[in-house]
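Take a look at the structure below.
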């Protein structure tokens, strides 16, 4: 397989975009990526789209040709392919787009991720989000996605003495980062006091431990690394793209506090990219629920199992020193339009590696990692990105 | 890219399978394919799943890891990836599985297609099916999928003098074929008289012009052609795998009676496989609506535009002579579990090319073609299969 690079990136504002349609935001992000990568749409080979639940949110299935159509590209009769993997939909679409270029099937591919979640009632939206867990063995018994993650939190606290404030600290960091990100859903800072005393969602998780439902879209243009400099001065190589899965239901896992899907995807990705966790200067990790972010730091190998709490307590990943996590504000504060998240993470990291995120840290970063999760970890995707000098 | 072969196939009965769950049928088909291809699940690299609307039909998104899980494969942490493209979901999943093997990313991949459509009310199911057309510009104005295809029929009748009986003849043929297919949803024969006088659905289309909503699953095991003989005496090469898209809404097309997505996918596929339509001895074409089957014969190049009616009137594709279409009974009579259709077509063709469908024609066929459509043609997928001697 040949090397693949990100040539261009694009992203809409995340938030409650009630004045904008799914079609509009999908197209805006895609065109930004094309313009950024200096590619005429005539040279495009395929479109991949990460989208979780167009059917439930918009009563529209078959959503990839829709975006192709409204982007004015239907006349080219490109393949436009939708991929779904819950909250990892965008990241898995990126994996498929990566394979399409790496294989030589296409030279240039746009991978978009888009979701419009706030046009239906919160109850309906939550029910759709919950449907990424196991309907027959979890949801019918009353479990919800935050309730399942709350079990992970309780177990982690029990096993490792992790404190409720430890994962709460990640939300504080995320909001601080998002306050500098003009595209973020929430730009307000929050204090640990506010996080801990926020209205409970599923004990110990409160409102500020849970990412919002958002509208938004993001896109990246992929092409062969070999010719990438025709399109950009700073090609970003996709050094690894890995997807791994696990049981859909949480109670079937080997260990409640470890996402084996993340462990396996990360191990494969680091091996393929010939890097170690310590090489990663900046990472976007899935913090849809703050405890998930803590667990991710352990499962990705940034800290040993059980030490995530202490690491967050010490602010070890919040800048200055080790890997900086979630410069975008993460899912918690940048927002969580499900299908868009995995692509938006890569948009942020590309901007970091290019040095195009001036009001946020990590100047001179060379290696970055993106981590997305579907459900309670039935799917994990890990991408490692590298600045090519 | 390296050559890819189908090593094994599997399929459940299609129909109203009220006593069986989605999980059960998905697993049954997948295991059949593994056993047929003599592969231990330990050697599997990835799972691709075509599924249109698990969210609407089962309140279950994130459905690919579910199948992996219930197949007992979650412990391997393979990537399990769901692809959606309306009625072409299975065929597009096959395209992605093909790329995964052709690229060298994986050696062995199972591509499954599955849908459980009859556990919800017919109204709900029809609404979900309609959601593969354009929600904002077709459905809100009262159009349904059969109504849109009825417009194609009217226009074809107007332009080319096609008669209502011409496309009706395809339904008669489909039922005759399905009567010999133990896995088919409908095994009764019907007469042209019955088709023409069936209760109207959307004039001129009647009940017997429209494929049913079905439950069912199908799976194929893919691997490198080079080593295929370790797994089967009769490897079937995937000589071409092409997906092409078009506008989501029918009224935006260049020509109402031509699916440009099919024309483009077929042209690319024939060019890649170095074959002409006349080389194809057996084909499974998308006849979800009988007029769609007629138009497909034209768009795939089996007859000239406008001559589909005369060809069906003469029974030119019904055996003995030119390409035989739909030996399985097609979507009309074998059944239409949306996500499974594109995979089931390939299962049938592999059995035909292997000579394993003794009670149905086409002995000695070497080249076969599968054609699947999403919506009214916003997605078309064409696969060309070849027996390797």
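The values are calculated or read from the model by the stated rules, or taken from the named source; none is laboratory data. Please read these numbers as outputs of a predicted model, since none were measured by experiment. Glycine also receives a Cβ, built like all others from the backbone with ideal geometry; neighbour counts cover every protein chain displayed.
Below, the figures for the structure above:
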quantity	calculated
The range A:58-70 - residue that is surrounded by fewer than 24 Cβ atoms within 10 Å (Cβ to Cβ) and closer than 21 Å to residue A:39 by Cβ and, of those, nearest to the other protein chains (Cβ to nearest Cβ)	A:69
The one condition in (1) in contact (Cβ under 8 Å) with a residue 40 or more places away in the chain; (2) within 13 Å of chain A (Cβ to nearest Cβ); (3) assigned to a loop (DSSP other than H, G, I, E, B); (4) under 22 Å from residue B:338 (Cβ atoms) that residue B:136 fails to fulfil	(1)
Yes/no for residue A:83 being under 21 Å from residue A:217 (Cβ atoms), more than 11 Å from every other protein chain (Cβ to nearest Cβ) and either in contact with a helix residue (DSSP H, G or I) (Cβ under 6 Å, 6 or more places away or on another chain) or surrounded by 24 or more Cβ atoms within 10 Å (Cβ to Cβ) (or both)	no
Lone qualifier among B:92, B:123, B:129 - being within 11 Å of another protein chain (Cβ to nearest Cβ) and modelled with pLDDT under 95	B:129
Yes/no for residue A:269 being more than 25 Å from residue A:206 (Cα to Cα), in contact (Cβ under 8 Å) with a residue 60 or more places away in the chain, in a helix (DSSP H, G or I) and facing chain B (nearest Cβ under 10 Å)	no
Selection within the range A:188-231 - in a helix (DSSP H, G or I) and over 30 Å from residue A:103 (Cβ atoms)	A:192, A:193, A:194, A:195, A:196, A:207, A:208, A:209
Number of the exception - residue B:76 against (1) away from chain A (no Cβ under 14 Å); (2) surrounded by fewer than 21 Cβ atoms within 10 Å (Cβ to Cβ)	(1)
Flag for residue A:222 being within 14 Å of chain B (Cβ to nearest Cβ) and touching a strand residue (DSSP E or B) at 6+ places or on another chain (Cβ under 6 Å)	yes
Looking only at the range A:139-153, and only at residues there that are more than 30 Å from residue A:27 (Cβ to Cβ) and in contact (Cβ under 8 Å) with a residue 60 or more places away in the chain, the one that is farthest from the other protein chains (Cβ to nearest Cβ)	A:153
Residue, surrounded by the most Cβ atoms within 10 Å (Cβ to Cβ), within the range B:220-238, restricted to residues that are in contact with a helix residue (DSSP H, G or I) (Cβ under 9 Å, 6 or more places away or on another chain) and over 20 Å from residue B:356 (Cα atoms)	B:223
Helices (runs of 4 or more DSSP H) contained entirely in the range B:285-389, each with at least 2 residues that are under 19 Å from the mean Cα position of the chain (by Cα) and touching a residue at least 24 places away in the same chain (Cβ under 8 Å)	B:290-299, B:330-333, B:338-354
Unmet criterion (only one of (1) surrounded by 24 or more Cβ atoms within 10 Å (Cβ to Cβ); (2) under 30 Å from residue B:385 (Cβ atoms); (3) within 14 Å of another protein chain (Cβ to nearest Cβ); (4) out of contact with any strand residue (DSSP E or B) (no Cβ under 6 Å at 6 or more places or on another chain)) for residue B:111	(4)
Which numbered condition residue A:19 misses (of (1) assigned to a loop (DSSP other than H, G, I, E, B); (2) without any contact (Cβ under 8 Å) to a residue 24 or more places away in the chain; (3) out of contact with any strand residue (DSSP E or B) (no Cβ under 7 Å at 6 or more places or on another chain); (4) at the interface with another protein chain (Cβ under 9 Å from one of its Cβ atoms))	(4)
Subset of the range A:239-263 [at the interface with chain B (Cβ under 8 Å from one of its Cβ atoms), crowded, with 22+ Cβ neighbours inside 10 Å and assigned to a helix (DSSP H, G or I)]	A:261
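Rundown of residues vs (1) more than 8 Å from chain B (Cβ to nearest Cβ); (2) at pLDDT 95 or above, yes/no style:
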site	(1), (2)
A:31	yes, no
A:37	yes, yes
A:42	yes, no
A:56	no, no
